[in-house]
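Structure first, commentary second.
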Amino acid sequence: MTDVVAGFGYLVAGVRWVAWHPRLWLFGLIPALITLAGYVLGLVMLIGYADDLATWATPFADGWAEPWRTAVHWAAGLMVVGAAALLAVLTFTAVTLIVGGPFYEALAGRVEEAEGGEAPESGLSMARELAVSIRESVVTVLLAVMFAVVLFGLGFVPLFGQTVIPVIGACVSGFFLAVELTAVTLLRRGVRLRTRIRLLRGRLGLTLGFGVPLFLTFLVPFVAVVLMPGAVAGATLLARDRLVSQP
């Protein structure tokens, strides 16, 4: 429980840090706003074509009598839009970090300098570092989606699926959110995805204390945009302490 509280403390510390540096907070909002605009545009377009997609996906209902045919089409349309919204939540952080790589590198560097010591260089070229970041982000999202699909299926188990599974889902999503956000700082130190997962799994309470509250707040529309700079700052602080605590 101590580690969980400490993990949440990193999130609070990150939000507090950017609150003390409002210019950097505004600076960190730029990529999140760009990503949000793209997602909103995509969802609006999807909603516009939802009826056509639902009709295409349910040809078996074309000969059904009303109101059953309309009900099936509506259900299919809602499932398509709902799946897209869930995918947006799962991928928002990864896409924002890719779009805002230079922004968050600069923000994390300022946090490290403020906490003492210069931020190390990864030794990779910008193109190589971007390629590594994109590849690891894609792998992380695929892992998160894989777990989400399994948990979605288990969600239909009576009682267990409505009580335990949502908690496990929040923990899994929070863990991978922490994996994504700490990449900004740990990649500079040559810590790749597999090692990053091992490091954070080694202090699971700390990781979940940081990631789960963040995941839950990210579910609220537009909160992810506002909190993104603070989340990066908090993940930077967590990553520094996580490295220091390693033997």
Item to complete: Look at region 179-207 and say how many of its residues are outside any helix (DSSP H, G or I) and at negative phi.
Response: 3
Item to complete: Sort through V139, V89 and tell me the only one that's touching a Leu at 6+ places or on another chain (Cβ under 7 Å), at pLDDT below 80 and either hydrophobic (A, V, I, L, M, F, W, C) or more than 24 Å from V18 (Cβ to Cβ) (or both).
Response: V89
Practice prompt. Considering each residue of region 57-69, count those that are surrounded by 12 or more Cβ atoms within 10 Å (Cβ to Cβ) and assigned to a helix (DSSP H, G or I), and give that number.
Written response: 3
Worksheet item: If you go through region 5-20 one residue at a time, do you hit one that is closer than 26 Å to V139 by Cβ and either free of Cβ contacts under 8 Å to residues at least 40 places away in the same chain or of a type in the set (F, W, Y) (or both)?
Response: yes
Worksheet entry | Residue in region 35-46 that is buried (at least 17 other Cβ atoms within 10 Å of the Cβ) and over 24 Å from the mean Cα position of the chain (by Cα) present | no
Worksheet item: So which of G190, G211, G202 ends up being touching a residue at least 24 places away in the same chain (Cβ under 8 Å) and farther than 24 Å from V18 by Cβ?
Response: G190
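Each row is one residue, and each column tells you yes or no for (1) surrounded by 13 or more Cβ atoms within 10 Å (Cβ to Cβ); (2) modelled with pLDDT of 90 or more; (3) among the β-branched types (V, I, T); (4) over 27 Å from I98 (Cα atoms).
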| position | (1), (2), (3), (4) |
| --- | --- |
| V145 | yes, no, yes, no |
| F160 | no, no, no, yes |
| A170 | yes, yes, no, no |
| G174 | yes, yes, no, no |
| V184 | yes, no, yes, no |
Worksheet item: Is there a residue in region 29-46 that is among the small types (G, A, S) and within 19 Å of L237 (Cα to Cα)?
Response: no
Worksheet item: Residue check: is A6 assigned to a helix (DSSP H, G or I) and within 21 Å of F103 (Cα to Cα)?
Response: no
Worksheet item: Going by the conditions given, is V167 farther than 24 Å from H21 by Cβ and either in contact with a strand residue (DSSP E or B) (Cβ under 8 Å, 6 or more places away or on another chain) or assigned to a helix (DSSP H, G or I) (or both)?
Response: yes
Worksheet item: Only one of these conditions is not met by E113: (1) more than 29 Å from L227 (Cβ to Cβ); (2) loosely packed, with under 12 Cβ neighbours inside 10 Å. Which number is it?
Response: (1)
Worksheet item: Within the bounds of region 193-205, is there any residue that is closer than 24 Å to L86 by Cα and touching an Asp or Glu at 6+ places or on another chain (Cβ under 6 Å)?
Response: yes
Worksheet item: Of (1) at pLDDT 90 or above; (2) touching a Gly at 6+ places or on another chain (Cβ under 7 Å), L154 satisfies all except one. Which?
Response: (1)
Worksheet, complete the sentence: Note: among A54, A32, A37, just one is farther than 30 Å from G100 by Cβ and either in a helix (DSSP H, G or I) or in contact with a His (Cβ under 7 Å, 6 or more places away or on another chain) (or both), namely A54
Worksheet entry | Whichever residue in region 218-231 is assigned to a helix (DSSP H, G or I) and over 11 Å from the mean Cα position of the chain (by Cα) and, among such residues, is surrounded by the most Cβ atoms within 10 Å (Cβ to Cβ) | P229
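The values are calculated or read from the model by the stated rules, or taken from the named source; none is laboratory data. Just so it is clear, the model here is predicted, and its values are computed rather than measured. Positions of Cβ are generated from backbone atoms using ideal geometry, with glycine treated the same way; all protein chains shown enter the neighbour counts.
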